[in-house]
C-alpha cells in the first residue's frame, strides 16, 4: 500500500473514531438526562405521597384520596385527565403549588385577577419546600396523565448560579472601589489637615450598598431553589385584648379560616371539613393560644415533617385565626370522629 493510501485509511479511521466518540458522548448525555429525570420523578413521588395524596389520591383521580369527599368545594382537579392537564404549562402547575394565598371573600377579600388561581382548599408550599422540590412534584404530577416535565430545571439552577456569581463579582468590585475611594479621601484630608469628607465617597458607598443588596437577593434566590425555607423563630404573641376587639378579630379569623387559608379542607368543625388534621370543634378548650399562633405561623419549627404546610400567614391573620379557634368550644362528643379508611 502506498503512503498516500495509508494516510487515507488513517484519516478514515480517525473520522470513524471521532464519530463514535461523539455518538457515545451524546448517548451518555441522554442517559444522564434520563437518570436526572428519573430521580426527579422519584423524589416528586415521595413528596406527593406525603403532602398531596390524601386529597389528590395515589393516581391523581377524583374521589380517590381519603380526604377528597370531605373537602368543601372546589375540590381537587383530576390530575390523571390528560385532556385537561395538558392545557396547563409546567410553569402554571408550579405557580399553583407555590403561589401566595388570597382571601376569596367577595367584596372584602383580595383583588384576584381573571386568570389567577385562588382556591383556598389548595394550600401553598412556597414556604415549606424548596423550588427544586416543587419542580420534582410537578415532574411526578406530569406522569399521572402520561406526560413529561419539559421545563429545564437544571438550566434554571445554572441561571441562578450564574446570577449569584455575577452578583458576587460586582460586590467584590464595589467593595474594592469603596476602599480605594476611602483611602484617597483619607490621604487628601491628611494633606490638608482636615476631617475626611464623607461626601467624597458617596457615589462609591451607594454603589456598594446596591451591590450588597443584589448579592443578598442572589443568595436568597439560589437558597430558595436548593433548600427549604428557614424562617425566623416566631416570637411570643400578645393576645391580650378587650372582649369586643377579640370578638371582632375572631369574626375576621373565621373568614380567613375558610376563605383564604382553606383550613377547613383538612380540619373538621362540626360535620364539615376534612380529616387530614385533627378536628377543631373543641380547640378553645384544649389548645393554648400562644401554641396555636406559633403553630399556624411556622408548623415546621415545631414538627419538621408535619403534613401541614407553612402558608405564609401574616402576624395579624395568625392572630385572627387564633382568636377564632379560641371560640370553638363544642361539647365533648359521645364517640371520637373516625377517619376515612386510607
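The values are calculated or read from the model by the stated rules, or taken from the named source; none is laboratory data. Treat the numbers as computed from the prediction; the structure is a model and nothing was measured. Ideal geometry is used to build each Cβ from the backbone, glycine not excepted, and the neighbour counts take in all protein chains shown.
Of all residues assigned to segment 97-106, none qualifies as being in contact with a helix residue (DSSP H, G or I) (Cβ under 9 Å, 6 or more places away or on another chain), surrounded by fewer than 19 Cβ atoms within 10 Å (Cβ to Cβ) and either under 16 Å from residue 52 (Cβ atoms) or assigned by TED's automatic domain parsing to the domain that holds residue 251 (or both).
Taking residue 244 as the residue in question, decide whether it is over 22 Å from residue 47 (Cα atoms) and exposed (fewer than 14 other Cβ atoms within 10 Å of the Cβ).
The answer is yes for residue 244.
Inspect segment 107-127 for any residue being at pLDDT 95 or above and farther than 23 Å from residue 265 by Cα and give the result as yes or no. No, because not a single residue in segment 107-127 is at pLDDT 95 or above and farther than 23 Å from residue 265 by Cα. For segment 323-339, residues that are touching a residue at least 60 places away in the same chain (Cβ under 8 Å), crowded, with 17+ Cβ neighbours inside 10 Å and within 17 Å of residue 266 (Cβ to Cβ) total 2.
Yes or no: segment 297-313 includes at least one residue that is outside the structural domain of residue 66 (by TED's automatic domain parsing), surrounded by fewer than 20 Cβ atoms within 10 Å (Cβ to Cβ) and closer than 19 Å to residue 246 by Cα. Taking every residue of segment 297-313 in turn, none turns out to be outside the structural domain of residue 66 (by TED's automatic domain parsing), surrounded by fewer than 20 Cβ atoms within 10 Å (Cβ to Cβ) and closer than 19 Å to residue 246 by Cα.
Of the helices (runs of 4 or more DSSP H) that lie entirely inside segment 202-312, those containing 3 or more residues that are within 24 Å of the chain's Cα centre (by Cα) span 202-226, 243-259, 289-297. Among the residues of segment 133-143, just one is over 18 Å from the mean Cα position of the chain (by Cα) and either surrounded by 21 or more Cβ atoms within 10 Å (Cβ to Cβ) or modelled with pLDDT under 95 (or both), namely 142. If the condition is being touching a residue at least 40 places away in the same chain (Cβ under 8 Å), in contact with a helix residue (DSSP H, G or I) (Cβ under 8 Å, 6 or more places away or on another chain) and within 20 Å of residue 320 (Cβ to Cβ), then segment 273-309 contributes 273, 280, 283, 284, 289, 293, 294, 297, 308, 309.
For segment 47-88, which positions are over 22 Å from residue 275 (Cβ atoms) and without any contact (Cβ under 8 Å) to a residue 60 or more places away in the chain? If the condition is that a residue be over 22 Å from residue 275 (Cβ atoms) and without any contact (Cβ under 8 Å) to a residue 60 or more places away in the chain, then 83, 84, 87, 88 are the ones that fit.
Let's see how each residue does on (1) under 28 Å from residue 65 (Cα atoms); (2) at pLDDT 95 or above; (3) in contact with a helix residue (DSSP H, G or I) (Cβ under 6 Å, 6 or more places away or on another chain):
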| site | (1), (2), (3) |
| --- | --- |
| 214 | no, yes, yes |
| 222 | no, yes, yes |
| 227 | no, yes, no |
| 233 | no, no, no |
| 237 | no, yes, yes |
| 244 | no, yes, no |
| 263 | yes, yes, yes |
| 268 | yes, yes, no |
